[in-house]
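The values are calculated or read from the model by the stated rules, or taken from the named source; none is laboratory data. Every value quoted in this text rests on a predicted model; they were computed, and no experiment measured them. Don't worry about glycine lacking a Cβ; one is built from the backbone with ideal geometry, like all the others, and counts go over all protein chains shown.
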Amino acid sequence: MKLTFKSDSPNQTVEIAKSIGPLAKERKFVSLSGPLGAGKTAFAKGIVACLCPECINLVHSPTFAIVNEYMGKTPVFHFDFYRIKSPDDLYSTGFYDYEERNGVIIIEWGELFEDCIPEDAVFVEIIPEGENRRTINITYKD
């Protein structure tokens, strides 16, 4: 299945992401791809707003921490693979342990280690088309 959305602002990106929150909860994994500044963290914020609304003001890029945990109604574990050097490094971050924690795992820069993401995940590609305009492609297996 492929869905395509157009966004004209970070707030609109958040709203689009909110709409796929239930799908994210069902699939457990969301991989976000796009260049620096594309809106990956804004998209993650929308999923958190849907699944863990009490944590919405805590959402920020996990680039330096590698993972941010948002513990609420539905736990969300927000990873950033940008600084990960190899698939083996995912073990030292505890990435695979999070699968057993009964929450949703969002991965920024998921395309860097796509082989480590389950095939039934939700894959989101954010394509900048100007300062604020984005095309957001969401794909997942039926």
key: Residue list for the stretch 116-142, restricted to those being farther than 24 Å from T74 by Cα, outside any strand (DSSP E or B) and modelled with pLDDT of 95 or more   = E129, R133
key: Residues within the stretch 1-39 that are under 14 Å from V122 (Cα atoms), hydrophobic (A, V, I, L, M, F, W, C) and surrounded by fewer than 18 Cβ atoms within 10 Å (Cβ to Cβ), tallied   = 3
Among residues of the stretch 1-27, those that are assigned to a helix (DSSP H, G or I), in contact with a strand residue (DSSP E or B) (Cβ under 8 Å, 6 or more places away or on another chain) and within 18 Å of D142 (Cβ to Cβ), counted = 4
query = closer than 22 Å to E15 by Cβ, basic (K, R) and more than 11 Å from the chain's Cα centre (by Cα), is that true of K73?
reply = yes
